[in-house]
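Right, one structure below, let's go through it.
No value in this document is a laboratory result; all are computed from the given coordinates. No experiment lies behind these values; they were computed from the predicted model shown. Positions of Cβ are backbone-derived with ideal geometry, glycine not excepted, and every protein chain shown enters the neighbour counts.
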Ligand code: 5GP
């Protein structure tokens, strides 16, 4: 996606060979015009899938996921990172190892928002090792709902997540794929940029 690639080039900060900071338009301050275009792009890629819910994890996935849900005309559910005060029996629970925080946390979704009749699209801001997506898939499967695909804003193609998820037969669509962050520079996988 051209606009996203340009934004990454002009505003992205390479923190290390593994981490890209995009807090001026996605992870802290959000660019609503870009988020709207991201929502349209994901909706276009998954429109034929009869999606009933969009799911993400708080907090950085919420912007792009909400715009996608709006375009598809379905609700957005964001998994919460802390247990709510309700009983555990009301929740689907999974464990996720956070790439950025380097710690394991529990994520939860209320059972009342997802069931076996749902076809779910997962949206997230970044794909690194796939742990966030796998945690969401685990909860969707606990609900006996269907995972119809995963939309990722920025996939770091040099990490394992994309391969792990695609090997499971899941349709993964990324709007920008980064081939490397070495020497302080962002290099894209060209074919993701059309
Ligand atoms: P994964 O679960 O695929 O290992 O990592 C994805 C999650 O970690 C995303 O939800 C995102 O919040 C965070 N993340 C992974 N890599 C990066 C990165 O390079 N930059 C930022 N800002 N977040 C990242």
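Of note:
Yes/no matrix, rows are residues, columns are (1) free of Cβ contacts under 8 Å to residues at least 60 places away in the same chain; (2) near the ligand (Cβ under 9 Å from one of its atoms); (3) assigned to a helix (DSSP H, G or I):
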{"position": "129", "(1), (2), (3)": "yes, yes, no"}
{"position": "135", "(1), (2), (3)": "no, yes, yes"}
{"position": "138", "(1), (2), (3)": "yes, no, yes"}
{"position": "153", "(1), (2), (3)": "no, no, no"}
{"position": "163", "(1), (2), (3)": "yes, no, yes"}
{"position": "177", "(1), (2), (3)": "yes, no, no"}
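- The number of residues in the range 75-125 being out of contact with any helix residue (DSSP H, G or I) (no Cβ under 7 Å at 6 or more places or on another chain), free of Cβ contacts under 8 Å to residues at least 40 places away in the same chain and either on the phi > 0 side of the Ramachandran plot or buried (at least 18 other Cβ atoms within 10 Å of the Cβ) (or both) comes to 2.
- Any chance residue 58 is within 21 Å of residue 111 (Cα to Cα) and surrounded by fewer than 16 Cβ atoms within 10 Å (Cβ to Cβ): yes
- Residue match in the range 65-74 (condition: out of contact with any strand residue (DSSP E or B) (no Cβ under 7 Å at 6 or more places or on another chain), more than 16 Å from the ligand (Cβ to nearest atom) and under 30 Å from residue 185 (Cα atoms)): yes
- Residue in the range 143-150 that is crowded, with 21+ Cβ neighbours inside 10 Å and within 13 Å of the ligand (Cβ to nearest atom) present: yes
- Those residues of the range 98-121 which are within 11 Å of the ligand (Cβ to nearest atom) and closer than 11 Å to residue 56 by Cα, in sequence order: 107
- Single residue of the range 1-44 satisfying the filter (assigned to a strand (DSSP E or B) and free of Cβ contacts under 8 Å to residues at least 12 places away in the same chain) that is surrounded by the fewest Cβ atoms within 10 Å (Cβ to Cβ): 13
- Selection within the range 45-68 - assigned to a helix (DSSP H, G or I) and either without any contact (Cβ under 8 Å) to a residue 24 or more places away in the chain or in contact with a helix residue (DSSP H, G or I) (Cβ under 8 Å, 6 or more places away or on another chain) (or both): 46, 47, 48, 62, 63, 64, 66, 67, 68
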